[in-house]
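Below is one structure, written out as structure tokens, with a few remarks after it.
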Amino acid sequence: QVQLVESGGGLVQPGGSLRLSCAASGSIVSINVMGWYRQAPGKQRELVASITGGGSTTYADSVKGRFTISRENARNAVYLQMNSLKPEDTAVYYCNGAGVRSSVTSYVGSYWGQGTQVTVSS
């Protein structure tokens, strides 16, 4: 089955950096859009950044200039480089793959990773 697994979260001081990684596995032909979402306690999940197979990116206004998303299509992997982290960046970060096409079935769907905790605190 298709599975997305995140890694790279942890505790970091304000102003520090973290790099999140997400790898999709399974009988995958292609993934249209990959992205990172986050959910802070008591808040709704929000889009942080996304990237298409062609490399077109979008960012939430709150992270522009600080975060950079990238992907490796051959590995079905997506990354999020987070710099100048702020306490308000604290959240569980989720990897998402949209438009995932499998070689096993004609179904095209979206999948979520299990999430990785990012805590920015001194």
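The values are calculated or read from the model by the stated rules, or taken from the named source; none is laboratory data. Since this is a predicted model, take the numbers as computed values, not measurements. FYI the Cβ positions are ideal-geometry reconstructions off the backbone, even for glycines, and counts take in every protein chain you see. Calculation scope for accessible area: heavy atoms of the full protein, side chains included, ligands and nucleic acids excluded. Shrake-Rupley method; radii C 1.70, N 1.55, O 1.52, S 1.80 Å.
Looking only at region 30-53, count every residue that is modelled with pLDDT under 95 and over 14 Å from Ala98 (Cβ atoms) and tell me the total.
Matching residues across region 30-53 total 2.
Only one of Gly65, Gly15, Gly55, Gly42 is in a loop (DSSP other than H, G, I, E, B), closer than 21 Å to Ser110 by Cβ and of a type outside the set (Asp, Glu). Can you tell me which?
Within the list Gly65, Gly15, Gly55, Gly42, the selection yields Gly55.
Can you tell me which residue in region 82-107 is farthest from Thr68 (Cα to Cα), limited to those that are touching a residue at least 24 places away in the same chain (Cβ under 8 Å) and exposed (fewer than 15 other Cβ atoms within 10 Å of the Cβ)?
Filtering first and then ranking leaves Val104.
For residues in region 68-80 being part of a strand (DSSP E or B) and open to solvent by 60 Å² or more (accessible area, probe 1.4 Å), which is nearest to Ser30 (Cα to Cα)?
Ranking the qualifying residues of region 68-80, first place goes to Glu72.
Do we have Thr119 as open to solvent by less than 80 Å² (accessible area, probe 1.4 Å), without any contact (Cβ under 8 Å) to a residue 40 or more places away in the chain and assigned to a strand (DSSP E or B) here?
The answer is no for Thr119.
For region 36-57, which positions are farther than 21 Å from Gly10 by Cβ and surrounded by 13 or more Cβ atoms within 10 Å (Cβ to Cβ)?
Leu47, Ser50, Ile51, Thr52, Gly53, Thr57
Condition check: open to solvent by less than 40 Å² (accessible area, probe 1.4 Å), without any contact (Cβ under 8 Å) to a residue 24 or more places away in the chain and in contact with an Asp or Glu (Cβ under 9 Å, 6 or more places away or on another chain). Does Ala60 satisfy that?
Yes: the conditions hold for Ala60.
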